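Since every read-out is calculated from the coordinates, none of them should be taken as a lab result. This structure is a prediction, so every number in the text was calculated from the model and none was measured. For neighbour counting, all protein chains shown are included, and Cβ atoms are generated from backbone atoms with ideal geometry for every residue, glycine included.
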Amino acid sequence: MSTATPIRSVISPGRYVQGPGAMSRLGEFLAAIGSTPLIVADDVVWGFVGHEVESSLRKANLPLRRERFGGMPSAKEIDRLTAVIADAKADVVVAVGGGSTIDAVKAAGFLAGIRWATAPTVASTDAPTSALAVVYTEDGAFEEYRFFPRNPDLVLVDSQLIANAPAEFLAAGVGDALATWLEARATSRSNSTTMAGGLPTLAGTALAKLSWEVLWENALPALDAVRDNLVTQAVEKVIEANTLLSGLGFESGGLAAAHAIHNGLTVAPQTHGLAHGQKVNIGSLTQLILEGAPSSDIRDFVEFTTRVGLPTTLTEIGLSIDDDSDLRGVAEAATVPGETIHNMPFEVRPAEVVSAMKSLERFARRARSEAGLAEPKKYEAHH
């Protein structure tokens with residue numbers, strides 16, 4: 001519970017742009033922010049968007065300088081990018097790629113004292129819109145959140161690029177975004193402080209709920225469309241829910257147990273290589289069990305997210321109910337002082353997290369079996 005002065009706060013990016021072919025207009029929107037952009041993208045991403053980014057900058061009479069992203073948003077990589085920004089005398093740094101690239105660029109842009117923009121090529125997390133970065137150790141364990149005084153000046157999402165990416169990226173984004181309402185609801189009940197530095201606003205909480213409603217209605221048809229690289233209305237709605245609604249909702253609505261449990265899971269090496277949203281989905285289910293949510297709600301969530309293609313059991317993320325020391329390690333990391341699990345409307349201790357995670361296995365297996373869904377098996381890690 002927060003003892004801070006009860007101010008409410010909502011924060012958001014300067015401009016959000018979404019649609020098929022948006023990347024071809026990146027230069028036009030960047031020209032309003034700066035005159036010397038530095039583009040940061042890894043080689044894979046650059047291979048399929050480089051040409052479009054180059055021609056859009058040329059059209060806007062902006063110089064092109066691109067820096068390779070090193071693969072992990074670690075303190076070392078952030079410091080390296082900060083030095084590159086200074087060397088390039090850039091006045092705006094642009095992340096083109098996934099959540100890791102985006103978080104490293106936001107952190108480096110802040111340290112360099114310049115503006116920053118994001119152009120996500122997948123809709124797998126809500127990192128593009130937020131004023132914080134998740135920093136990891138060199139070997140992929142959660143290290144810290146870094147908070148910035150403002151959000152990106154521009155978030156540009158090319159929905160055709162999202163539809164061209166493998167469907168599991170969009171599915172992971174659904175996992176990340178479904179947690180937004182569960183966590184905002186808990187934060188609102190406990191009247192805790194959000195990532196925006198105040199109590200939840202009606203706007204933040206409402207956007208979190210809207211994200212949830214849009215996803216239950218559109219996620220499955222959108223995933224089908226994306227498997228054929230199609231942009232439909234359902235796809236546009238899910239991209240907006242995963243990116244903008246979830247981004248504003250988690251930041252100004254509040255985080256609670258689901259993301260804390262995700263952070264705890266990063267200490268278990270078995271889960272490295274799983275997508276952020278895959279681990280968050282286990283966090284959401286664990287949070288529902290901790291809350292004592294109606295079992296029909298938990299069953300619906302298991303069925304729906306299994307159909308989306310998200311893990312709903314420990315087995316799928318490489319853990320087992322017999323891994324006592326691993327599960328205790330996860331639970332202890334999830335409940336350290338300052339972790340968002342303390343925004344729950346009741347106290348949560350490590351032992352309760354372990355029990356909730358263990359009870360998930362049997363519950364989810366039964367729910368899946370009754371719904372005629374596949375037996376759980378370990379997910380192959382996608383890097």
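Per-structure values
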item	result
Cα long-axis angle, helix 43-59 against the chain (0 to 90 degrees, to the nearest 10)	40 degrees
For region 16-163, the Rg and Dmax computed from alpha carbons only, in angstrom	13.8, 41
Long pairs among 59/209; 106/378; 106/209; 76/279; 89/237; 106/377, criterion Cα-Cα beyond 30 Å	59/209; 106/378; 89/237; 106/377
Relative contact order (%) - criterion: Cα under 8 Å, at least six apart; region: the chain	16 percent
Summed residue charge, Cβ within 14 Å of residue 379's Cβ, Lys/Arg positive, Asp/Glu negative	-1
Length gained when the stretch residue 374-residue 206 is fully extended (0.36 nm per residue, less Cα-Cα span)	57.1 nm
Sparse-neighbourhood loop sites, trypsin sites (Lys or Arg not before Pro) in region 73-105 - DSSP loop, at most 12 other Cβ within 10 angstrom	89
Computed over the chain, the ratio Rg/Rh where both radii use C-alpha atoms and Rh is Kirkwood	0.96
Contact order relative to length of region 166-370, as percent, for alpha carbon pairs under 8 angstrom and 6 or more apart	27 percent
Residues of region 243-267 with amide N under 19 Å of a point placed 7 Å along Cα→Cβ from residue 352	255-265
Extreme residue, positive dipole direction of region 16-163, given options 148, 32, 86 (C-beta unit charges)	32
Linear extension gain, residue 35 paired with residue 137, 0.36 nm per residue minus alpha-carbon span	33.4 nm
The chain: calculated mean residue ellipticity at 222 nm from DSSP helix runs of at least 4, using -39500 (n - 2.57)	-16000 deg cm²/dmol
Residue-wise HN-Hα coupling along region 202-212, computed from phi with Karplus coefficients 6.51, -1.76, 1.60 (Hz; x: Gly, Pro)	4, 4, x, 5, 5, 5, 4, 5, 4, 4, 4
Ordering of 49-61, 92-104 by burial proxy (mean other Cβ atoms within 10 Å per residue, highest first)	92-104, 49-61
Volume per residue of the C-alpha convex hull in region 229-383, rounded to whole Å³	129 Å³
Residue 68 paired with residue 48, simple spin-label distance in nm, labels 7 Å along Cα-to-beta-carbon	2.0 nm
Size of electric dipole in the chain: Cβ of Lys, Arg +1 and of Asp, Glu -1, about Cα centre, debye, nearest 20	700 debye
